[in-house]
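Let me begin by presenting the structure, written as structure tokens, before commenting on it.
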Amino acid sequence: MYANINDTTLYFDVDGAQLTLENGQFKEKPVVFVLHGGPGGSHSNFKPHLDALTKEVQLVYIDQRGCGYSAEEDNATYTLTQNVADIEALREYLGLESIWILGHSYGGMVAMQYALQHGTSLNGLILATTSPSYQFIKKAKQFINEQGNEEQKYYANILWEGGFQSEQELQAYYQAMSSLYSHKISDNQEQVRPSVKRSYQALNKGFGGFLKNFDVRDDLHTITCPTLIIAGRYDWVTPVSESQEIHQRIPGSTFHILENSSHSVFNDENEKTISLIQAFIETHL
């Protein structure tokens, strides 16, 4: 489905009914906006990993501006500030008084900024393998320099510079880095990756530009909604220390480290990740 908001066309997909009939009474389930990573990723990366959540919630998958099935726009609008504004506009477009947000990686950065700007419209926050500041880039660079192979170093340097020239080159990056993103995949194992439309322009805009200055650390103490933080022990790009800092700065937040996961916790330890999210939402309804 498409929403014409903020001078663009945003793609979203809804999974699960909002109203269910239980014992002759209609029950309204919480609505969770699901924000993908990247920048430049797609909602498709979550499928089918989140299907089990629809028993308890209604999921609204979103392709951020210029990403996935959303309309391509002027690169100048591919910013975190604009992504936050688009999420709020979509909430209003759907007539929702309040929402939950599940943000993975860059999506978690958008989610935290949304919480800081639109906290009264937020029921809860779920942050999976993300970071509160540009410091994650420094740590990721150090990891690649010390542990990456030559191919991974080559593609990581393109990432740091925001220098991808095509979607094909970006796909090659993810293929080369797959064993780092998922703890399930070994260095010599070929991964069959789904055909996901990625935006190298949005990724370049982030890593070549605004992510170098991204920093919400000093404001996180003002977030008051229930917050769940999930980290992967072997995460190379947003390491555990980044999630620990978020936990330390958001009062009353809940923090879990998945010991057999890297960045892709929904793939590496799916059942455990889903169970943590389900229990957290149920506790805070």
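What the table below lists for this structure:
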{"item": "For the chain, built as a Gaussian network whose Cα springs stay under 10 Å, the top-fluctuating residue of Glu22, Glu72, Glu97", "result": "Glu22"}
{"item": "For region 1-160: span of alpha carbons on each principal axis (Å, largest first)", "result": "61, 35, 27"}
{"item": "Global form of region 179-285, assessed from the alpha-carbon gyration tensor, a/c cut-off 1.5", "result": "oblate"}
{"item": "Under 5 Å, built H, 5+ apart or other chain: amide partners of Leu228", "result": "Leu125, Ile126, Leu127, Thr254"}
{"item": "Percent carbon-and-sulfur accessible area, region 11-148, ignoring ligands, DNA and RNA, probe 1.4 Å", "result": "44"}
{"item": "Inter-centroid distance (Cα atoms) of region 55-100 relative to region 143-163, Å", "result": "30"}
{"item": "Listed pairs Lys29/Lys138; Lys205/Lys272; Lys27/Lys47; Lys138/Lys205; Lys55/Lys141; Lys29/Lys205 exceeding 29 Å between Cα atoms", "result": "Lys29/Lys138; Lys205/Lys272; Lys55/Lys141; Lys29/Lys205"}
{"item": "Placed amide H near Trp236: partners under 5 Å, 5+ positions off or other chain", "result": "His263"}
{"item": "Whole-Hz ³J(HN,Hα) from phi, Karplus 6.51 cos²θ - 1.76 cosθ + 1.60, for region 225-241, glycine and proline x", "result": "6, x, 9, 10, 10, 10, 10, x, 3, 9, 5, 8, 9, 10, x, 3, 4"}
{"item": "For the chain, share of DSSP beta bridges that run antiparallel, in % to the nearest 5", "result": "35"}
{"item": "Probe 1.4 Å, all protein chains present, accessible-area order of Asp219, Asp86, largest first", "result": "Asp219, Asp86"}
{"item": "Point-charge dipole on Cβ atoms (K/R +1, D/E -1) for region 126-234, about Cα centre, debye to 20", "result": "200"}
{"item": "Helix-only mean residue ellipticity at 222 nm for the chain, each DSSP H run of n ≥ 4 adding -39500 (n - 2.57), per residue, nearest 500", "result": "-11000 deg cm²/dmol"}
{"item": "Å² per residue, accessible surface of the chain at 1.4 Å", "result": "44"}
{"item": "Alpha-carbon spread of the chain, three principal axes, descending order, Å", "result": "61, 42, 39"}
{"item": "Region 253-259 - phi-based ³J(HN,Hα) in whole Hz, Karplus 6.51/-1.76/1.60, Gly and Pro as x", "result": "6, 10, 10, 9, 10, 8, 6"}
{"item": "Phi to ³J(HN,Hα) by Karplus 6.51 cos²θ - 1.76 cosθ + 1.60 over region 268-275, Hz, x for Gly, Pro", "result": "5, 9, 4, 4, 5, 4, 4, 4"}
{"item": "Length-normalised contact order of the chain in % [C-alpha pairs under 8 Å, at least 6 apart]", "result": "20"}
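The values are calculated or read from the model by the stated rules, or taken from the named source; none is laboratory data. Here the structure is a predicted model, which means the values were calculated and not measured. Using ideal geometry, Cβ is built from the backbone for each residue, glycine included, and neighbour counts are taken over all protein chains shown. All accessible areas refer to the heavy atoms of the entire protein, side chains included, with ligands and DNA or RNA removed. Shrake-Rupley method; radii C 1.70, N 1.55, O 1.52, S 1.80 Å.
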